[in-house]
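Participant: Let me give you the structure first, and then I'll get to my questions.
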Amino acid sequence: MSKLLQGKVAIITGASRGIGRAIALKFAQEGANVAFTFLSSIEKARELEKELVVYGVTARGYQSDAASSKACEELVTTVVAEYGTVDVLVNNAGITRDNLLMRMTEAQWDEVINANLKSVFNLTKAIQRPMLKARKGSIINMTSVVGIEGNAGQSNYSASKAGIIGFTKSIAQELGSRNIRSNAVAPGFIETEMTAALDPKIKEGWIQDIPLKRTGTAEDVANLVAFLASDNSSYITGQVVSICGGMHT
């Protein structure tokens, strides 16, 4: 029985932990060869490589800064040279620098916009050439329900994630005629290292506002991303798919 992503080549940014790591594992389980990026944790990246190759695929981590256009161009050139092509791009790298607007520094604004939004521009621009040559491809951009609804204390993060939505829809229109799809995934309250540190009472209050009455998992998100990367979603482009247990409708 053929796997969902059998033989595809995917670049996944920011995959050494959290949602990115879960996506990389899911892709490998479904038969994709995985090139993933990380910024600083070489040890975690090497551990992930070992976990991925167990599934009989090719996998390698690349230390690369998605906020750097030069680094992104070099990454894509290297991956195409080593893997032959790129079928899927998952723009997952991102950071938070939360603060109320009155206290937010210009550096906090610029860091988040560069890491979250400029990175999507950089990688998508760099990936165009091999995808246009192949006349196929799936680009999946990780946004957030915060990019749809906003959130106090996260004006920089919300702006970056809202920008990703507009970018995703524009690229879907630009590249659709070449059979290149562009979609965004908007997670809600997902269990990660960051949410695990929350006060249990605050966490429970948020869960009560979720119709499914539970938090999501990184694996829940990975399952959706794998579907959008696969040929099973071949007529889906320009969409923002929320995965939030009904928190955002």
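Read the figures in this text as sums done on the coordinates, not as results from a lab. No experiment lies behind these values; they were computed from the predicted model shown. Here Cβ is always computed from backbone atoms with ideal geometry, including for glycine, and neighbour counts include all displayed protein chains.
Participant: Once you've got the GNM for the chain with C-alpha springs shorter than 10 Å, pick whichever of 123, 198, 228 has the biggest mean-square fluctuation.
Facilitator: Per the Cα network of the chain with a 10 Å cutoff, 198 tops the list.
Participant: Count charges around residue 32 for me, please; just the other residues with Cβ under 10 Å from its Cβ, Lys/Arg as +1, Asp/Glu as -1.
Facilitator: Working: positive: 3, 8, 26; negative: 30, 87.
Value of the local net charge: +1.
Participant: Please report the net charge: other residues with Cβ closer than 15 Å to the Cβ of residue 128, K and R +1, D and E -1. Provide the component values of the computation, followed by the final result.
Facilitator: Working: positive: 125, 129, 133, 135, 136, 178, 181; negative: 73, 87, 174.
Result for the local shell: +4.
Participant: Using the alpha-carbon atoms, what tilt in degrees (0 to 90, nearest 10) does helix 69-83 show relative to the longest principal axis of the chain?
Facilitator: The two axes meet at around 40 degrees.
Participant: Moving on to the next point. Under a Cβ-Cβ cut-off of 12 Å, what is the net charge of the residues other than residue 198 that fall near it, where Lys and Arg count +1 and Asp and Glu count -1? Display every interim value, and only then the final one.
Facilitator: Values: positive: 201, 203; negative: 191, 193, 199, 204.
Residues close to residue 198 contribute a combined charge of -2.
Participant: For the pairs 50/169; 118/201; 70/133; 118/203; 44/213; 3/169, flag any whose C-alpha to C-alpha distance is greater than 27 Å.
Facilitator: Working: 50/169 36 Å; 118/201 35 Å; 70/133 21 Å; 118/203 31 Å; 44/213 32 Å; 3/169 29 Å.
Flagged as over cut-off: 50/169; 118/201; 118/203; 44/213; 3/169.
Participant: Over segment 1-64, one equal point on each Cα, no solvent: what is log10 I(q)/I(0) by the Debye formula at q = 0.18 Å⁻¹?
Facilitator: -0.51
Participant: Still on this structure, I have one more. For segment 9-243, what are the per-bin percents of Cα-Cα distances with bins 10 Å wide, up to the bin holding the maximum?
Facilitator: 8, 33, 38, 17, 3, 0
Participant: Then there's this: Simple spin-label model, 7 Å along Cα-to-Cβ: residue 81 to residue 99 in nm?
Facilitator: 4.0
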